[in-house]
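Report on one structure; see the data block that follows.
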Amino acid sequence: MAQQVNGVIAPGKNEPVRVETIIVPDPGPGEAVVQIQACGVCHTDLHYKQGGINDDFPFLLGHEAAGVVESVGAGVTDVAPGDFVVLNWRAVCGTCRACERGRPWYCFATHNARQKMTLTDGTELSAALGIGAFAEKTLVAAGQCTKVDPSVAPAVAGLLGCGVMAGIGAAINTGQVGRGDSVAVIGCGGVGDAAIVGSRLAGAARIIAVDIDDRKLETARTMGATHTVNSRTTDPVEAIRELTGGFGADVVIEAVGRPETYQQAFYARDLAGTVVLVGVPTPEMTLELPLLDVFGRGGALKSSWYGDCLPSRDFPMLIDLHQQGRIDLAAFVTETIGLGDVEKAFARMHEGDVLRSVVVF
Ligand code: APR
Ligand code: ZN
Ligand code: ZN
């Protein structure tokens, strides 16, 4: 029987979000219904509301979530009712050219549930990133569920579903930060701070945090930054070079997603160093660089999709490391809120007041 639950809807471009009754169908083949326990408020949810992703309103928002599998459809064997899971937005297909070549973290054909959730009048909902977890229950593809240790608080575990994984993965998967490396992270929101945590975990000797907001730099220090640079008042390229013997960092992680910060990252790295772009640019942005510098500085210019993560490998590992006290995922939860507080949380996020507000059910 299809079920009626409360969910947070973005009804139209820039209209305030609101809680509405939504209909969650029974899981079909390859699908699962998950009872959501916690879901973080991410920038991408705000982008959906602002019409910055696409125009497929109404959206069911929320995608950084953890919960318990309630029911599964035919053919689902990897998860079962009762499993505590973190949801991911890149369920790998197993058969595309990336998967077949043994690189499933790049999967080019990730999938979501086939059926749609709806409003009570039958209007189909577009689930944010194929998840839609600002809801008491949601319908996803079973491959979007990764089973993890249930003793971790859902508000903490759920954050692995997006920003925290993107940042940690940008450092350890994409950037391949190694023991003794120098790393600079430009932009210290949730994603940048997670990149700092990942760099520290990987053994970076020097971690330079760059931001335009001193509050963010203070938090970055508690996350593991060894040095901070306010790029509103100090040239970040020069500062990073000074802090690295005059050369630049081995790895520079750009966690803002703007041409000017990408350019800083490009010039703040040492010869043959690596730039990782994990911040997401908007369609009108372009980049101009002297091609001779691209050649002459060598190294690698990489983008990081969702931290190039493989949820089945990385989520349980990071939960284990958190349990052992080797990383502190709880530090990313600034506040827990109710389902009706998402609009207010967007405003706080916009002001830069929070790393993550997390809706807890
Ligand atoms: N230079 C340095 N830092 C900047 C600049 C700049 N020009 N502009 C903004 N910042 C800082 C902000 O002060 C903030 O601390 O970048 C940080 C961005 O953090 P959040 O807004 O919290 O965003 P976050 O969730 O970390 O995501 C960062 O990654 O996944 C993408 O879409 C996401 O593009 C976004 C980026
Ligand atoms: Zn694939
Ligand atoms: Zn997100």
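The values are calculated or read from the model by the stated rules, or taken from the named source; none is laboratory data. This is a predicted model, so every value here is computed, not measured. Cβ atoms come from the backbone with ideal geometry, glycine included; neighbour counts cover every protein chain shown. What goes into the accessible areas is simple: the full protein's heavy atoms, side chains included, and nothing from ligands, DNA or RNA. Shrake-Rupley method; radii C 1.70, N 1.55, O 1.52, S 1.80 Å.
Values for this structure:
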read-out	value
Gyration tensor verdict on region 80-148 (Cα atoms; rounded if a/c is under 1.5, prolate if a/b is larger than b/c, oblate otherwise)	oblate
DSSP-assigned coil residues among trypsin sites (Lys or Arg not before Pro) in region 1-92, each with at most 12 further Cβ atoms within 10 Å	Lys13
Candidates per trypsin sites (Lys or Arg not before Pro) in region 311-359, loop by DSSP, up to 14 other Cβ within 10 Å	Arg326
Integer Hz, Karplus 6.51/-1.76/1.60 couplings in order for region 139-146, x for Gly and Pro	10, 9, 6, 4, x, 7, 9, 10
Accessible area (Å², 1.4 Å probe, nearest 10) - Asp353	70 Å²
Compactness relative to 2.2 N^0.38 Å, alpha carbon Rg of region 111-183	1.49
DSSP beta bridge pairing in the chain, given as percent antiparallel to the nearest 5	55 percent
Per residue accessible area in Å² of the chain, where ligands, DNA and RNA are left out and the probe is 1.4 Å	42 Å²
Whole-angstrom gap from region 304-348 to region 15-81, using each part's C-alpha centre	17 Å
Nearest-10 value in Å² for the accessible area of Glu242, using the 1.4 Å probe	150 Å²
Helix-only CD estimate at 222 nm, as mean residue ellipticity for the chain, using -39500 (n - 2.57) per DSSP H run (n ≥ 4)	-6500 deg cm²/dmol
Relative contact order of region 214-361, pairs being alpha-carbon contacts under 8 Å that are 6 or more residues apart, as %	14 percent
Distance between region 176-220 and region 228-287 - C-alpha centres, whole angstrom	12 Å
Estimated FRET transfer efficiency when R0 is 51 angstrom, pair Arg179-Met1 (beta carbons, to 0.05)	0.40
Nonlocal amide H pairs with Ala91, under 5 Å, H built at 1.01 Å	His111
Probe 1.4 Å - accessible area at Val19, Å² to nearest ten	70 Å²
Relative contact order of the chain, defined on C-alpha pairs under 8 angstrom at six or more residues apart (%)	17 percent
Per-residue HN-Hα couplings for region 73-88 [Karplus 6.51, -1.76, 1.60; θ = phi - 60°; Hz; x = Gly/Pro]	x, 4, x, 8, 10, 6, 10, 9, x, x, 5, 8, 10, 9, 8, 10
Most to least packed among 270-276, 80-86 [average Cβ atoms within 10 Å]	270-276, 80-86
Estimated vicinal HN-Hα couplings, Hz - region 187-203 in sequence order (Karplus 6.51, -1.76, 1.60; Gly, Pro = x)	x, 10, x, x, 5, x, 4, 5, 5, 5, 4, x, 5, 5, 4, 7, x
Carbon + sulfur, % of accessible area of the chain - ligands and nucleic acids excluded, 1.4 Å	50 percent
